[in-house]
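Below is one structure, written out as structure tokens; comments come after it.
Values in this text are rule-based calculations from the coordinates and carry no lab data. Bear in mind the structure is a predicted one, so any value in this text is a computation, not a measurement. Glycine gets a Cβ as well: all are built from the backbone with ideal geometry, and neighbour counts include every protein chain shown.
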Amino acid sequence: MTLLAIGINYNTAPVSIRERLSFPAETLYSSLQNLSQVVEIDEAAILSTCNRTEFYCTTTTANEQFLVNWVAQTKNIDIASFKPYIYTHSDNQLIRHMFRVACGLDSMILGEPQILGQMKTAYQTACEAGTLGKHLGKLFQQTFSAAKKVRTDTAIGSSPVSVAFAAVQLAQRIFDKLKDQTALLIGAGETIELTARHLRQQGVGRIIIANRTHTKAQILADQFNGHAITLSELPLYLAEADIVISSTASQLPILGKGSVESALKKRKNKPIFMLDLAVPRDIEAEVEKLDDVYLYTVDDLQNTIEQNMDSRRRAAEQAEEIIDTQVDHFLGWLRAQSAQTTIRDYRQQAEQSRDEVLQKALALLKNGATPEEALTRLAYSLTNKLIHTPSAQIRDAAANERHDVIAAAHEIFKLKK
């Protein structure tokens, strides 16, 4: 049995290739069942995200060509067009690779947590499709355990490394309870969407989305149970905002010192946290001079993010050490599986000896022997049967100077030297 995987990711393949080899969630179940029909495959799972697609399996061969052929046929794509981008892992390499992927050590953003959830989805889908078995199923379970230990024992995921997440963490430092705060988000692009998502996850009380186009603001606001306004309405709502985060493509400032001063008067100088993520700036630099305004720019966040990346890199070194241990644990389990046949055969042999001796003891009782005589004969006969073959093998080992066999006998039978 060989553990085998092929895959592509953001490092090895451009998006034009990754999108052609992706497996949407709605097709994953049927694709797995189709993959499991390949003669060489015993167990199979597929991990497919925007940044990677990987095929894991247990197989009777160490040659990955059958997997490459299946991908080409399933996706109706010429092998030559994607094979140069493929990487292959087997056995020990694959175990370590899966652990590193689940821990976020192989991600575009070091330590990002989403990949673990995506791996769990891949595992669950394979379970439902009936394509997991003893070995690959155990490998996934060990992968999740390794990821949990890395998350628990290191700081790999504790420091924000995305602008949106760092923005929300900065807001949390200023306000103890986000549930009592109103956030005004200016713009409707990806950064603002991610910021809104993080704010909602952290339980912010209210979200207002302001955009030049009301329709775009409304679409985004609907996702987070927020309120949509146009940029022209900002003066009417600015005083309600405890948190203002702006990220637009405007070439001119959207918020000036005068409008912020007016809002502060309406708020009776209740503080406002303002974060300008735009380049050029959306908020005039003079706003920073106002009392009760905490204004930060994208540069302030970038410094924090770089410091946090350094922290994650140090944590990643610790994570690699944890993974080394976890790989050893799984390899130990695999080696134990290879002994199962030997253990089963030895047990069957012992049970057969027991049954033979028991039948003779029962026959003695039927022929008039006392229970004491029958039990004595049973104990004597069973002992002889159980030790005869090992004793003969040990004598033969000694005659041939097989000291390794004799040492193994001491260990297996726990003999006192």
field: Nearest-ten-degree value, helix 114-129 long axis tilted from longest Cα axis of the chain
entry: 50 degrees
- line: Quick shape check on the range 163-301: root eigenvalues a ≥ b ≥ c of the Cα gyration tensor, a/c under 1.5 is rounded, otherwise prolate if a/b tops b/c, else oblate, and it reads rounded
query: Helix 257-266 sits at what angle to the longest principal axis of the chain, using alpha carbons and giving 0 to 90 degrees rounded to 10?
result: 80 degrees
field: Using a Förster distance of 51 Å, the FRET efficiency for residue 190-residue 60 (Cβ separation, nearest 0.05)
entry: 0.65
message: Quick check: residue separation of residue 158 and residue 402 times 0.36 nm, minus the Cα distance between them. What number comes out in nm?
response: 82.3 nm
query: Just in the range 222-278: which trypsin sites (Lys or Arg not before Pro) are loop by DSSP and have at most 13 other Cβ atoms within 10 Å?
result: 268
query: For the chain, what does the alpha-carbon gyration tensor say about shape, rounded, prolate or oblate, given a ≥ b ≥ c as the root eigenvalues, a/c under 1.5 as rounded, and a/b over b/c as prolate?
result: prolate
Per-pair calculated FRET efficiency, R0 = 51 Å: residue 412 and residue 202 via Cβ, rounded to 0.05: 0.30
message: What is the sum of charges, Lys and Arg at +1 and Asp and Glu at -1, for the other residues whose Cβ falls under 9 Å from the Cβ of residue 115?
response: -1
- prompt: Straight-line reach from residue 134: which lysines have Cα under 24 Å away, leaving out those fewer than 8 places along the same chain?
  reply: 120, 148, 149
task: With a point put 7 Å past each Cα toward its Cβ, work out how far residue 351 is from residue 1 in nm, to one decimal.
output: 2.1 nm
task: Set the Förster distance to 51 Å, then compute FRET efficiency between residue 232 and residue 321 from the Cβ-Cβ distance, nearest 0.05.
output: 0.35
- prompt: Using the alpha-carbon atoms, what tilt in degrees (0 to 90, nearest 10) does helix 298-338 show relative to the longest principal axis of the chain?
  reply: 10 degrees
query: Please identify the GluC sites (Glu not before Pro) of the range 356-417 that satisfy two criteria: DSSP loop assignment and at most 15 other Cβ atoms within 10 Å. Which are they?
result: 401
